[in-house]
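Here the structure comes first, spelled out in structure tokens, and everything after it is commentary.
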């Protein structure tokens, strides 16, 4: 039996959240349900959800990976807190990167560390774009767990962090 409570220690519900493409995207009715604690999307066959048009080069092979992250704890009494404090982080494997709320997110920083950031409900992920905005694909995030289920506070920007490869 699956625990569907937003306060369960590790999200196990079928519906952790979703990404919904914006009306101005070249795929305006695309909904990507997030049902696993590690979710990938793109043209590559290894992605959790594979883009239905494998020859559509506007979509990277693996555009992004969204993963559930919660501070580890050994105490049973802290399990509920773990989910309340948990977050969804995003990384990209796209050669030219992606954007989150307009901030460029690339695979690695200058030191070779993998880049990532924490998502919130209402954040916008731009997967495909050009200077003229003729080819764009944007998703609006909606999450049901942890800190990500709340919208980003006014004035708070999406931050990019690096970690060792």
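The values are calculated or read from the model by the stated rules, or taken from the named source; none is laboratory data. Computed from a prediction, not measured in an experiment: that's the story for all the values here. Because the Cβ atoms are built from the backbone with ideal geometry, glycine has one as well, and the counts that use them run over all protein chains shown.
Computed quantities for the displayed model
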| read-out | value |
| --- | --- |
| Count - residues of the stretch 138-158 that are modelled with pLDDT of 95 or more and over 16 Å from residue 87 (Cβ atoms) | 3 |
| Scan of the stretch 109-135 for residues that are over 17 Å from residue 58 (Cα atoms) and either in contact with a helix residue (DSSP H, G or I) (Cβ under 7 Å, 6 or more places away or on another chain) or surrounded by 15 or more Cβ atoms within 10 Å (Cβ to Cβ) (or both), ordered by number | 114, 115, 116, 117, 118, 119, 120, 121, 123, 124 |
| Candidates 138, 151 - the one that is in contact with a strand residue (DSSP E or B) (Cβ under 6 Å, 6 or more places away or on another chain) and either surrounded by 17 or more Cβ atoms within 10 Å (Cβ to Cβ) or under 18 Å from residue 39 (Cβ atoms) (or both) | 138 |
| Criterion (crowded, with 18+ Cβ neighbours inside 10 Å and either farther than 19 Å from residue 115 by Cα or modelled with pLDDT of 95 or more (or both)) met by exactly one of 25, 35 | 25 |
| Count of residues meeting criterion [buried (at least 19 other Cβ atoms within 10 Å of the Cβ) and under 24 Å from residue 150 (Cα atoms)] in the stretch 38-49 | 3 |
| The listed residue being under 20 Å from residue 68 (Cα atoms), in contact with a strand residue (DSSP E or B) (Cβ under 6 Å, 6 or more places away or on another chain) and surrounded by fewer than 18 Cβ atoms within 10 Å (Cβ to Cβ), out of 161, 143 | 161 |
